[in-house]
Structures are given as structure tokens and as C-alpha cells.
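J.: Below is one structure. I have some questions about it.
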Amino acid sequence: MTNGNKSDKNFDPDEPDLLPAPLAYLNPDFLNSPDGRILRILSEYAEPLSRFRREKIQDTVVFFGSARFASLPDAQNALTILEKPGSAKPAPPEAQPGGKDADTLQAALKRAHAGVEMARFYEDARRLAHMLTEWTMTLPGKRSRFVVTSGGGPGIMEAANRGAHEAGGKTIGLNIRLPFEQYPNQYITPELNFEFHYFFMRKYWFAYLAKALVVFPGGFGTLDEFFEILTLAQTHKLAKKILVIVYGKEYWSRVLNLEALVDSGTISPEDVNGFTMVDTPEEALEVLKEGLTKFHLQPQPAKQATTEEGPEIAKTLP
């Protein structure tokens, strides 16, 4: 005779019952395992979508650029510390004049001078984001339009979020968890502060709601995002017009040689017309206002109406 699942031979009335098994969606061992990867990926789609809907975000303008640029006061302070090692916060002994590594000092000074020069892009991104946000806040409707969005970290990302914050608008940060932590900057709207594990899901959200991309001087990450958007536009994978603005003609003319691609036949001549180069926040703002108004504020032929429940979805062309 048996009692439940226990035989008479093994049954001990004083033995406690088994504890309940954890619910699958509360089981960290499963959720963090390879088998749980699909749920983690879905979470990085569904949770941001839920928040965007709750915060009534319809679309965005994404700012890309170097994480290494500082504000002008911070860059000048860093240079002063190196040039005047007797200041309140001196340079490390090995980097001071007469220290054990003069080459280190010269390299640091070179970087610091470059930092002061490039700090103008931080200030320009901050000003552009401020002016853009002021304009978007005058647009009618219940949802937030063309919300300034960045990768959530320092440098140009911070500058964009800072300008939008100072204008009194919402601003989004799409951060990424890295081995060397990239902490979200303090200017992101708290309800719109995101952190991703998967780069491809973060990239998805950059493109998903974007109606414009502003590309400031940057490195590998900036080039990666820039060319990815150009590729999506070139291959007609997004059924919407994304404005691409490249900021800083002198910098990008040294970095990019797209005519070499045309001459080699690897891109078509019209592909180089997929973006507009500008040099001032005012010039960039006019291009943004004109393009966003033309393509996304004025009625479009056969354009599907959006719903009040959430953002306008960027569909793939058939």
C-alpha cells in the first residue's frame, strides 16, 4: 500500500515534504542559461516597448558620436592639470616635467590639447539637442515627437541628453552593459533609462523609432551605427524616411572617402547622397526641422494612421 508517490518501504511520516519547484519565470538558473536566452532577448524587446508606450514616445532623433569628448570646461581643466603640475590636482609623477617618462607627458599633453579642440563638438551637440527639444515641445499632439536619444553614456551621448534635459524635455538613453561599466549619464529621463545586454537589441531600438540620425565625430562605434543606418536605407529595409545628418565637415572629410567606393563600383553614385553634412547647430536644426516636417508631420500618401496606444512602428518594406 502506498501513500501518494511514496512507497510504504521509503515513506517516513516525519520527513518534510519536498519544497515547491520554482516557477519557470522566477528561476534564475533557467533564465540565465542558454535555454533561457530566447526569453532574455524577448524581454529586451517587450520591456522597452512597454515603457515607450507608457511614456507616449512616438519617435526619436538619435545622436551618435565619441564617448571620449568632454565639455569645454572639463577639457580645459584636464589640460591645465597637465601644464601646471603644481596645481591642486597635479598630474601623476611619471607624467610631470622631469619625471621618469617625458614621452608619457608629451603624449598626454597632445591628447589634452586634442580634447580641448574636440570639446566644441560636445558643446555643439548640447546646443543642437536643446534647440531641437524646444522645437519639438511646441508640436501639437498627445505623444512626444522626435525625442532626443543617445547611447546613454558619456561624451556626445551625455551632451545630447544634457541639452534636451536643460530644455525641459524627455530624453532617452539606450545604455549597454559592458565589462568596463558604462554608467548612464545623469541627464537621461529616469523613466527612459534603458540598459541592454544584447548589442543587436540595442541597435534595433536605435533604428526602430528613429526619424533622424545626427552623427558627430566618433570612432568605431559611431561608424558602425552610421553605416548600419545607411545600409538599411540603401536596401529599403525601413518603410520610412530617416534623415541622416553628418556633423563636422572637416573631420569627416578626413575620415570618409566615399568617392573611392564609387570609383571602385562598390556603391552607386546616388548612395553618397544619403546624408547631409553640416557644421553648426543652427544649420543642423534647419535641416532637421525641414526634413521632419516634410516627411513626418505633413500628411503622406497612403500613410497608415498611428494609434494612441504606442509608438509608430517602422515596418519593413514588402
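The values are calculated or read from the model by the stated rules, or taken from the named source; none is laboratory data. Everything numeric here is computed off the predicted structure, so don't read it as measured data. All Cβ positions, even for glycine, are placed from backbone atoms using ideal geometry, and neighbour counts span all protein chains on display.
J.: Could you pull out the residue among Y198, Y204, Y187 that is touching a His at 6+ places or on another chain (Cβ under 6 Å) and in contact (Cβ under 8 Å) with a residue 12 or more places away in the chain? Steps first, please.
T.: Numbers: Y198 fails: touching a His at 6+ places or on another chain (Cβ under 6 Å); Y204 fails: touching a His at 6+ places or on another chain (Cβ under 6 Å).
Going through Y198, Y204, Y187 in turn, the sole match is Y187.
J.: Tell me, which helices (runs of 4 or more DSSP H) wholly within region 10-84 include 1 or more residues that are of a type outside the set (S, T, N, Q) and touching a strand residue (DSSP E or B) at 6+ places or on another chain (Cβ under 6 Å)?
T.: Numbers: elements: 28-31, 37-54, 72-83.
Hits in region 10-84: 37-54.
J.: Which ones in region 157-180 are farther than 23 Å from A207 by Cβ and either of a type in the set (S, T, N, Q) or under 15 Å from the mean Cα position of the chain (by Cα) (or both)?
T.: Going residue by residue through region 157-180, those that are farther than 23 Å from A207 by Cβ are 162, 165-168, 179-180.
Across region 157-180, the qualifying residue is only R162.
J.: Among the residues of region 253-294, count how many are of a type in the set (V, I, T), within 26 Å of M118 (Cα to Cα) and assigned to a loop (DSSP other than H, G, I, E, B). Break it down into steps so the answer makes sense when it comes.
T.: If we filter region 253-294 for residues that are of a type in the set (V, I, T), which is where we start, we get 255, 262, 266-267, 272, 276, 278, 280, 287, 293.
Adding the requirement that they be within 26 Å of M118 (Cα to Cα) leaves 255, 272, 276, 278, 280, 287.
Adding the requirement that they be assigned to a loop (DSSP other than H, G, I, E, B) leaves 280.
Selection size over region 253-294: 1.
J.: Pairs needed: first member in region 236-263, at positive phi; second member anywhere, in a helix (DSSP H, G or I); C-beta distance under 8 Å; at least 6 residues apart or different chains.
T.: Filtered contacts from region 236-263: G248/F121.
J.: Any idea which residue in region 213-229 is modelled with the lowest pLDDT, counting only those that are buried (at least 21 other Cβ atoms within 10 Å of the Cβ) and of a type in the set (V, I, T)?
T.: I229
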